[in-house]
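Inspection log for the structure reproduced underneath, given as structure tokens.
All of the numbers you see were taken from the coordinates with simple rules; none came from a lab. Since we're looking at a predicted model, the values are computed, not measured. Backbone-built Cβ (ideal geometry, glycine too); neighbour counts: all protein chains shown.
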Amino acid sequence: MAGSSVTIADLLKARAIHAGEPIVMRRRSGPPREATVQADGTIRLASGQICRTPSEAAKEAANVGSADGWLKWRVPRLGDKTLADLRADLTP
């Protein structure tokens, strides 16, 4: 699987993350933002908004024009590994 083509659904299938898994985006300019990985591969923000990609979720959570959600979102259960770290683990 090429790194850029891996999706949240792929991470779920590989059991790298789990449905209901909390993820956190830490920010210098404010409190952390929290979200939850859904069974269908989407991300539910604390506000209830559903996002299809980590980058869309990061952009909405931080209220910015663009953000690399693969690098911004971290998995506390895994020692704050980023989603990008998990994605890289799936690539040969």
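Table for the structure above
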{"quantity": "Label-to-label distance, nm, for residues given as Arg77 and Ala14 (7 Å Cα→Cβ offset)", "calculated": "1.6 nm"}
{"quantity": "Centre separation in Å (Cα based) which lies between the range 57-89 and the range 3-44", "calculated": "7 Å"}
{"quantity": "Candidate aspartates and glutamates - alpha carbon under 12 Å from Lys81, same-chain residues fewer than 8 apart omitted", "calculated": "Asp89"}
{"quantity": "Dimensions (Å) - the chain, Cα atoms, principal axes, largest first", "calculated": "36, 24, 22"}
{"quantity": "Where labels lie 7 Å past Cα in the beta-carbon direction, separation of Gln49 and Ser29 in nm", "calculated": "1.6 nm"}
{"quantity": "Spatially proximal lysines relative to Lys59 (Cα-Cα < 18 Å; intrachain offsets below 8 disregarded)", "calculated": "Lys72"}
{"quantity": "Length-normalised contact order of the chain in % [C-alpha pairs under 8 Å, at least 6 apart]", "calculated": "26 percent"}
{"quantity": "Residue-averaged [θ]222 nm for the chain, counting only DSSP H segments that reach four residues, each worth -39500 (n - 2.57)", "calculated": "-7000 deg cm²/dmol"}
{"quantity": "Positive-end residue, the chain charge dipole about Cα centroid, Cβ charges, pick of Pro32, Ala84, Ala57", "calculated": "Pro32"}
